[in-house]
Amino acid sequence: MKPGLILRACALAGYGMLLAPAVVVFVVSFSAGQYLTFPPPGLSLRWYEALLGNGQLMLALQHSLVLAALVAALALAVGGPAAYAIARLRFPGRGVVATVLAAPLLLPTLVLGVALLLAFQPLRLVATWPGLVLAHSLVAIPFAVRIMVTAFSAVPEELEQAAWTLGATRWRAALRVTLPIAAPGAIAAAALAFLVSFDETVISLFVVGPRLNTLPVEMFRYAESRSDPMVAALAVSLIAVALAVVLLVERLVGFQRALGRE
């Protein structure tokens, strides 16, 4: 059944409301003026040039890229086995494990940030790479587990059972049969974990320091004291990074295959 004209109009209106702020930010990022005004008084690339020449923001960008890559790797290393256990194994407390892994998504990030600060302070993990990786992984791993559970569940169990009958152990069958088929889901999980870490702001505000900062936090602090269009240029750059990661996943594996729906 094809959607009617009214339903299509409502869908277009919804898309318009969602995309309108991004369009405004995109236009303002090319402003030639000194302040955030819309419409801009003129068009220029001056604020992108200023962004590239801002050493503090570029250093924060490097920190965010490295941090996001480490979080994505940890999310796969921890979330992969956990997702396989939830999707394939039958053991007491399986539902509890799944609930605990999803619990960070149910709590406000402000609460998580305060809790992490209180927990990390005695351990001297505040403003350190291990502390940032652990803090971001707390919210990235649940997303990775959710996607990989779907990917593992889409692989027929009969394939593993066939490998068992041919002499493979459960571990070898999972490693040689299930994991390669579910690899698109792992790629999608890593991409999502990367984006979650790269965009995380609230938790980062509690665990970063003056010498170790992330790009979203630096952007937040910059916007507190200035109102020039470089903030818009930085926002467009962040959107471009997220879009590039999404397009890369779509190009490599496709979202339907990554989620195990083909």
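No lab work stands behind these numbers, since they all come straight from the coordinates. If you're wondering where the values come from, they're calculated on a predicted model, not measured in any experiment. We place every Cβ from the backbone using ideal geometry, glycine too, and count neighbours over all the protein chains shown.
Descriptive notes on the structure:
- Ordered by the number of other Cβ atoms lying within 10 Å of each residue's own Cβ, fewest first, 220, 91 fall into the sequence 91, 220.
- At full extension, residue 175 and residue 24 could sit 49.6 nm farther apart than now, given 0.36 nm per residue minus the alpha carbon distance.
- Just so you know, the Cα atoms of the chain work out to an Rg and Dmax of 21.9, 73 Å.
- Highest to lowest packing among 191-203, 59-71, 223-235, 157-169, scored as the average C-beta count within 10 Å: 191-203, 59-71, 223-235, 157-169
- Share of alpha-carbon pairs per 5 Å distance bin for segment 113-262, given as whole %: 2, 9, 14, 14, 14, 13, 11, 10, 6, 4, 2, 1, 0, 0
- Between residue 243 and residue 11, the simple spin-label model (points 7 angstrom out along Cα→Cβ) gives 2.1 nm.
- Base-10 log of normalised Debye intensity for segment 69-185 (one unit scatterer per alpha-carbon) at q = 0.12 Å⁻¹: -0.52
- If R0 is 22 Å, the Cβ-Cβ spacing of residue 211 and residue 110 corresponds to a FRET efficiency of close to 0.35.
- Average Cα contact separation per residue, the chain, under 8 Å, 6 or more apart, as relative contact order %: 30 percent
- Charge dipole magnitude, Cβ of K and R +1, D and E -1 - segment 55-258, Cα centre, debye nearest 20: 500 debye
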